Structures are given as C-alpha cells and as structure tokens.
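Student: Below is a structure I'd like to ask you about.
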Amino acid sequence: QVQLLESGGGSVESGGSLRLSCVASPSSGNCLAWFRQAPGQGREAVATLYDDGSPKRAESVKGRFTVSQDNARTTLFLQMNSLQPEDTGMYYCAAYSRSLRGCGSHQSASYTYWGQGTQVTVSS
C-alpha cells in the first residue's frame, strides 16, 4: 500500500556529509523513520519525527544528523554531517499507519513498510 524509495547514499571520507531522501507514496496518514543496519549487527533506529514535527534521534547521531520532512509530507530527509566509519551501513526508510500510538516509534516491529535501502560507506 505504501511504497518507499530511498536515495542519496554513497561513499565518503570521515567527516563528510550525505543527504538521504525517502519518497513515500502515499505519505498521508503514515509515520516515517530512518533505520540502519551494519554487517552482522541488528537494525537500529536512526531518526524519525513525532506528530508535532519534533525530531527523535538516536543518541549516537545527535548533533550530527538532522531529520526533516518536506511541506507536502511526501519526502523524509536525513542530513548526515560529520560522518564517521561507525555510521557505515544500509539505511532503510520505514513507515506505518498512524494509530493510537502516533508517530515517533524507534521499534522496528512497529513499521510495516520498508524501502530497499541505500548504502552508506564512511572510510577512515
């Protein structure tokens, strides 16, 4: 029902920046979030937006990553600055229908729709 298309990944050196985009079709009535997964590791919530538009970010990315959404609410962005090798992984956009819980979940089990992912590689 919801299609998610990620873009913006690539390879950068430590300290570099990347901007990821997730286009959701449709986005109305859905909550969107960014997750990432490093090789041999579990899926980790990176950032999402609460219903009031305020960000919820993993502690490891605070001060470096910024999550935002366009006015039409069709695209979720993740501005990634001061990238470190530890940020390397596959980044996924995820979505679920808004419910009593509302938006802002960092639990992967909450999300029912997933994009194919975009690879981010940060070299030392």
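Student: Using the structure shown, decide if S21 is closer than 19 Å to R57 by Cα and open to solvent by less than 20 Å² (accessible area, probe 1.4 Å).
Tutor: Here the answer is yes, as S21 does meet what is asked.
Student: With respect to V67, is the statement that it is open to solvent by 20 Å² or more (accessible area, probe 1.4 Å), of a type outside the set (D, E) and in a strand (DSSP E or B) true?
Tutor: no
Student: Could you run through segment 31-61 and say how many residues are of a type in the set (S, T, Y) and more than 20 Å from D87 (Cβ to Cβ)?
Tutor: 2
Student: Applying the selection to segment 76-103, what residues are assigned to a loop (DSSP other than H, G, I, E, B), farther than 30 Å from G15 by Cβ and in contact (Cβ under 8 Å) with a residue 12 or more places away in the chain?
Tutor: R98, G102, C103
Student: Please give the number of the condition P55 fails out of (1) under 13 Å from the mean Cα position of the chain (by Cα); (2) surrounded by 21 or more Cβ atoms within 10 Å (Cβ to Cβ).
Tutor: (2)
Student: When you scan segment 3-28, how many residues do you find that are over 11 Å from the mean Cα position of the chain (by Cα), farther than 10 Å from G115 by Cβ and not in a loop (DSSP other than H, G, I, E, B)?
Tutor: So the answer is 6.
Student: In segment 29-50, which residue that is under 15 Å from Q119 (Cβ atoms) and aliphatic (A, V, I, L, M) is surrounded by the most Cβ atoms within 10 Å (Cβ to Cβ)?
Tutor: My answer is V46.
Student: When you look at R101, is it on the phi > 0 side of the Ramachandran plot and either of a type outside the set (F, W, Y) or under 14 Å from the mean Cα position of the chain (by Cα) (or both), yes or no?
Tutor: When the stated conditions are applied, R101 does not pass them.
Student: Identify all residues within segment 20-43 that are free of Cβ contacts under 8 Å to residues at least 24 places away in the same chain and at positive phi; write none if there are none.
Tutor: Listed by number, the list holds a single entry, G40.
Student: Something else about it: Just give me the residues in segment 81-124 being surrounded by fewer than 16 Cβ atoms within 10 Å (Cβ to Cβ), within 12 Å of T48 (Cβ to Cβ) and among the small types (G, A, S), in sequence order.
Tutor: Within segment 81-124, just G102 meets the criteria.
The values are calculated or read from the model by the stated rules, or taken from the named source; none is laboratory data. Treat the numbers as computed from the prediction; the structure is a model and nothing was measured. For neighbour counting, all protein chains shown are included, and Cβ atoms are generated from backbone atoms with ideal geometry for every residue, glycine included. All accessible areas refer to the heavy atoms of the entire protein, side chains included, with ligands and DNA or RNA removed. Shrake-Rupley method; radii C 1.70, N 1.55, O 1.52, S 1.80 Å.
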